[in-house]
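Throughout, read-outs are computed from the coordinates displayed, never taken from laboratory work. Just so you know, these numbers come straight off a predicted model, no measurement behind them. Methodologically, a virtual Cβ is constructed for each residue, glycine included, from the backbone with ideal geometry; neighbour enumeration extends over all protein chains shown.
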Amino acid sequence: GWATGRLLSHLGINLNLAPVLDLDHHPGSSNALNGRCWGRSEQDVINHAGVFNRWQRRQGIAGCAKHFPCGGRAISDPHHTLPIVETDQEEFMREDIIPYTALMPELDAIMISHLHFPHIDRDGLPASLSHNIIQGLLRDRLAFDHQLVLSDDLDMGAIQQSYGTSEAARRAIEAGGDLVLICHEFMNAEESLAQLDTLPASLFYDIQIRLERAKKRLKIPPVFSEAEFAEITRDLAKLKQSLPPDESQPTSGEQPESPVEQY
C-alpha cells in the first residue's frame, strides 16, 4: 500500500480503485478475480486489505473498496456476462459483508458489482443498478451514507447485454450511486450526461455534498521528479524480489493473464 500510494501520488493520481474486499470463494474460476483477492476468510481480507488501504491513504491516495456486496461469489466473469448469485442476503451478511463493516470507517468509496442477486432484487437488475442493494442495503442498513458509491465499468458485458450505457448510468444514479465509470467507450459519456440531466435536481443534492466532502480530503500530488520516479521504481523492484513466491500460482513460465488484463 505504501509503495503503490507513493507511485500513484507521484504520477498525479489521488484515487485508487482498490482494495478488493471480495472473499475468494471460487479460486481458479474465470470470474475476473484470479490473483486479486486477499484471502478466503473474512479476517485475512480485513488484515491484508486494511493494511494496504491505510498505507495508500497515508500517501494521499483515496481508496475504493470493491466489489460490493460480494463479488467473490461469482462463478462467471462480469466483463462478459451477468453473473447470477443465488446466495441469500443473510448468508453473505454473515461472511462477505464483514470486511466492509470492519473497514468502513477507513473507506473513502465503495464500488458496486455487476452481479445479480435474485433473493434481494427480483427485477433482474445488477447490484450496480439496484436501489435495494445500493440505497436499501449499503446506504440505509449499513449506514454508508457519507462517502462515495461508484459503479463498476458500465462498458462491461454484464451491463451492455441488457442496457445501453446511458440507461445504465441513469439507473445507477437513481439507485443511490454517486459516480458511474465509463472506461472504454468514452463517446458514450455525452449521451449519458444527457440522460442524467433528465433526473430531478433534488436527486443530486446529497451527491453534491458527498462529492464536496471527498474533494476536501484529497491531497495535492507532488511535482513530478524523474529522479524520484526512478527511485520509486527501484524500491518496487526490490520489494518484489524480497517477497516469497505465491504458491497458489503456477510455477512454470506460462502464468495465465489476469482476465482484467485481457479485457
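Just a few scattered comments:
- Extension gain, residue 219 back to residue 194 (0.36 nm per residue minus Cα-Cα distance, nm): 5.9 nm
- Computed helical MRE - 222 nm, the chain, DSSP H runs ≥ 4 contributing -39500 (n - 2.57), nearest 500: -10500 deg cm²/dmol
- For 94, 139, order by how many other beta-carbon atoms lie within 10 Å, fewest first: 94, 139
- The chain - share of DSSP beta bridges that are antiparallel (%, nearest 5): 5 percent
- Neighbourhood net charge (14 Å Cβ-Cβ; Lys/Arg +1, Asp/Glu -1) for residue 26: -3
- Packing here is the average count of other Cβ atoms within 10 Å per residue, and on that basis the peptides 79-91, 157-169, 95-107, 200-212, highest first, run 157-169, 95-107, 79-91, 200-212.
- Using the Cβ of residue 37 as centre and a radius below 10 Å, the other residues enclosed give a net charge of -1, where K and R count +1 and D and E count -1.
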